[in-house]
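Notes for the one structure printed next.
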Amino acid sequence: MSTTMSAGSTRSPRDEHHDPAPSDPAAPRGAAAPHPAAARSAGPRSAAPDPAEPDPAPSHPDLAGAVDQPLQVLAVDGTRRPEAQLDPCLRDVDEAQLAALFLDMSVIRALDDEAVALQRQGELGLWPPLRGQEAAQIGLARALPERDFFFTSYRENGVAWCRGVEPAEMLSVWRGTTLSGWDPFARRMATPQVIIGAQTHHAVGYAMAMAARGQEDIAIACFGDGAMSQGDVSEAMVFAASFRAPVLFFCQNNHYAISEPVALQSTVPLSHRPLGFGIPSLRVDGNDVLAVRAATRLAAERIRSGAGPMFLEAVTYRLGPHTTSDDPTRYRDETELERWRERDPILRLDRHLERLGAPVAQLRTEADERGREAADALRDAVAALPVPAPEALFEHVLTSEHPGLARQREQLTALEASLAPAGSAS
Amino acid sequence: MTTMTMAAALNAALADALAADEDVLLIGEDIGTLGGVFRITDGLQDRFGAERVIDAPLAESGIVGTSVGMAYAGRRPVCEIQFDGFVFPAFDQLVAQVARLHYRTGGRVRMPLVIRIPFGGGIGAVEHHSESPEAFFAHTPGLRVVTVADPQDACSTMRAAIACDDPVILLEPKRRYWGKGEVDTSLTADLDSARVLRRGRDATLVAYGPLVVTALEAAAAAEDDGIDLEVIDLRSLAPLDRDTVAASVRRTGRLVVAHEASGTVSLSSEVITCVIEDCFEHLEAAPERVTGYDVPYPPAALEDHHLPGIDRILDAVDRTLGRRSSREAA
Ligand SMILES: Cc1ncc(C[n+]2csc(CCOP(=O)(O)OP(=O)(O)O)c2C)c(N)n1
Ligand SMILES: [Mg+2]
């Protein structure tokens, strides 16, 4: 994987003619570059093992600490590192907040494990586990107010959890009882997208509409490393940059698109690409919930201030299979997996809490209990998900039913009736 | 002859083509190390190398568009689109480029591409994994659209498609990948012709792809009722072998067409129109069709109601024979 991260030689992404952002909370005072991406991290680096494979020194000094070396607040061993760009966004973090993040990540993991078990038992057709990406998703979603609107792919159940989506609603699509598990407006989260990258356009359009209305809401597009190769994602960045759309592009680089390593999608860090579109970008340790939370805040403040779109690459790792149908032993080895298990996001926060002297044992017990309760409730709720009647096939094709479809519906009803065993009540 | 699954038969045809012609190459998402999500290309990268069995970046337009460039340079790319619902990002390359280059250049530029697409439903999948997009392509002049139905047919048709100098959209019925049959891997299909799979007197039942097996099962069930069905597998959807269908209808006087795709502006629209044009006077009853309803592909819990099964096909057969069907019963 090391080729993935190596910076290689990159040209300066800065465009001389780029109109500098009016106010830029992320840029260090006096910095020539308008982008937070151009801000050098002032934080000293510890010798502790790095979470996401340290890169060789980047060839362009302006990019150091922003789009090459992932920003990190919590080292793998749980120690808190000073991080000049992110620290201002973490001043409010206290032990209670850390505990809440720990519980969020633990419960969503328990729910995710339960979904895998339910799939194995034939209760779901398929499931895409998020194991390993809890910090990226919880750190993101907990940093944003409820009014902001998410457009995600299929793996962001951690985001859905933060949006108050019922776990059974998350699973219903995978059980095949519906095409949309929840009301997008009620949860302020669109139905998860299966077509890779398509939702990034939607986020941009939504953001443009919010800006045109003078509202402060921002939109968030969540997608993967593989999605970066889709034309839609590049186009979305063009639109966002041209129209200064208040949109956050949030890329979870979990190192794989099914079997394909991220190196196939990009020979330089993914966070470099937005710069070419004129979108400032930050690379952040996606297994460090505090770093993700802080980077999201920083980005959201900047976007909300009218400075236009921003891009975050959360460097993380998918510890499970792509989906329950996948056999990852065909494309990755145990050594790699072992290395990333050591960087497990929940373990990291656990270690940090321990270092702080927080009552971790108690917290672990609480996380286990809540996880078990949530999983049990999920199992029951999934079994109780209603199976739609055959006639539901014909609902909502258009906003009103046309006669041709009504006829097809009647034909189906007649057929079902003719097949029903004689004597059975209609 | 060996017994093998359709998946293995396709794999064998691809391997033989790669071995026989240096210009043949495979390109698609996850087809190398993984061997494809359906394992159709299993082992081929190991055997032929990463230059000839190419794991593509995640971009379907890129897969097809890059293949166009390779074909300009004399290569014969076989593209894999992972699932039917993911062909649409490549739609522009297929419809506006691949389909027209030969015509545009007065025959100077050939596009011997094969676009393999696992298609159709019946596997309980989530959205965009059960589509039947054939009519979009069949509507586009300049593309050949072919389907396969059983292991032997899959192997011989794949061989013919790769050998063909036209661009071929090859639709593989994913729910039949694991069906087994005897295969002679040296046979090559005739891409232009439909196959009469079962001779019968009472009505002609036309199907293709995943519904060929269903049609044969329906014919076997009809036999118990004393109905003798002729079953035709269209195999090529564009161009269409209308002569084989018309010849059959001239004998039987009755026609039922079945497919998973929605009926409106579909292959059944086309087949029925051809029959009306070619042998209207031989029809003894209105042609019938059994298709997916005119709705987006539904959630898995409803797909059995949506997909034409034996009951719906036999109900249509009853109607065309003037027997009591569900519609009169209601
Ligand atoms: C347009 C399109 N092409 C192909 C697929 C099949 N597919 C589903 S997930 C996936 C990999 C996505 O990788 P990434 O964007 O990194 O997201 P991750 O699954 O790792 O979260 C692919 C190729 C798809 N869903 N949509
Ligand atoms: Mg990925």
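The values are calculated or read from the model by the stated rules, or taken from the named source; none is laboratory data. Everything numeric here is computed off the predicted structure, so don't read it as measured data. Virtual Cβ from ideal backbone geometry, glycine too; neighbours counted across all protein chains shown. Please note that ligands, DNA and RNA were not included when accessible areas were found on the heavy atoms of the full protein model with its side chains. Shrake-Rupley method; radii C 1.70, N 1.55, O 1.52, S 1.80 Å.
Out of (1) away from ligand 2 (no atom under 11 Å from the Cβ); (2) over 16 Å from A:Ala198 (Cβ atoms); (3) open to solvent by less than 10 Å² (accessible area, probe 1.4 Å); (4) not acidic (Asp, Glu), the odd one out for A:Val247 is which?
All conditions are met except number (2).
Just checking, does region B:59-74 include any residue being over 21 Å from B:Thr140 (Cα atoms), within 11 Å of chain A (Cβ to nearest Cβ) and either open to solvent by 40 Å² or more (accessible area, probe 1.4 Å) or hydrophobic (A, V, I, L, M, F, W, C) (or both)?
Checked against the condition, which is being over 21 Å from B:Thr140 (Cα atoms), within 11 Å of chain A (Cβ to nearest Cβ) and either open to solvent by 40 Å² or more (accessible area, probe 1.4 Å) or hydrophobic (A, V, I, L, M, F, W, C) (or both), region B:59-74 yields at least one hit.
For A:Leu412, indicate whether it is outside any loop (DSSP other than H, G, I, E, B), within 11 Å of chain B (Cβ to nearest Cβ), farther than 30 Å from B:Thr33 by Cβ and open to solvent by less than 70 Å² (accessible area, probe 1.4 Å).
Criteria met by A:Leu412.
Please go through region A:261-282 and pick out each residue that is touching a residue at least 40 places away in the same chain (Cβ under 8 Å), within 14 Å of chain B (Cβ to nearest Cβ) and within 15 Å of ligand 1 (Cβ to nearest atom).
A:Pro261, A:Val262, A:Ala263, A:Gln265, A:Ser266, A:Leu270, A:Arg273
Looking at region B:80-116 only, could you name the residues that are open to solvent by 30 Å² or more (accessible area, probe 1.4 Å), within 13 Å of another protein chain (Cβ to nearest Cβ) and aromatic (Phe, Trp, Tyr)?
Within region B:80-116, B:Phe88, B:Phe91 qualify.
Identify all residues within region A:204-232 that are within 14 Å of chain B (Cβ to nearest Cβ) and more than 13 Å from ligand 2 (Cβ to nearest atom); write none if there are none.
If the condition is that a residue be within 14 Å of chain B (Cβ to nearest Cβ) and more than 13 Å from ligand 2 (Cβ to nearest atom), then A:Gly231, A:Asp232 are the ones that fit.
State the number of residues belonging to region B:117-143 that are open to solvent by 40 Å² or more (accessible area, probe 1.4 Å) and not small (Gly, Ala, Ser). It would help to see each step written out before you state the result.
Start the filter on region B:117-143 by keeping residues that are open to solvent by 40 Å² or more (accessible area, probe 1.4 Å), which leaves B:123, B:127-128, B:131, B:136, B:139, B:141-142.
Of the ones still in play, those that are also not small (Gly, Ala, Ser) are B:123, B:127-128, B:131, B:136, B:139, B:141.
Final tally of qualifying residues: 7.
Considering only residues that are within 16 Å of ligand 2 (Cβ to nearest atom) and basic (Lys, Arg), look in region A:255-302 and name the one that is surrounded by the fewest Cβ atoms within 10 Å (Cβ to Cβ).
A:Arg273
Check B:Asp225, B:Asp202, B:Asp166 and return the single one that is surrounded by 16 or more Cβ atoms within 10 Å (Cβ to Cβ), of a type in the set (D, E, K, R) and in the same structural domain as B:Glu260 (by TED's automatic domain parsing).
Sole residue among the options that is surrounded by 16 or more Cβ atoms within 10 Å (Cβ to Cβ), of a type in the set (D, E, K, R) and in the same structural domain as B:Glu260 (by TED's automatic domain parsing): B:Asp202.
Go through (1) touching a Cys at 6+ places or on another chain (Cβ under 9 Å); (2) in contact (Cβ under 8 Å) with a residue 60 or more places away in the chain and name the single condition B:Arg254 misses.
(1)
So which residues in region B:177-194 are open to solvent by less than 50 Å² (accessible area, probe 1.4 Å), under 19 Å from the mean Cα position of the chain (by Cα) and farther than 15 Å from B:Cys164 by Cα, if there are any at all?
B:Tyr177, B:Gly179, B:Gly181, B:Val183, B:Ala194
Just the residues that are open to solvent by less than 40 Å² (accessible area, probe 1.4 Å) and more than 12 Å from chain A (Cβ to nearest Cβ), please, taken from region B:279-320.
Across region B:279-320, the qualifying residues are B:Cys279, B:Leu283, B:Ala285, B:Pro287, B:Val317, B:Thr320.
Considering each of A:Leu347, A:Leu356, A:Leu398, A:Leu385 in turn, give the residue that is open to solvent by 20 Å² or more (accessible area, probe 1.4 Å), within 14 Å of chain B (Cβ to nearest Cβ) and over 30 Å from B:Gly263 (Cα atoms).
After applying the criteria, what remains is A:Leu385.
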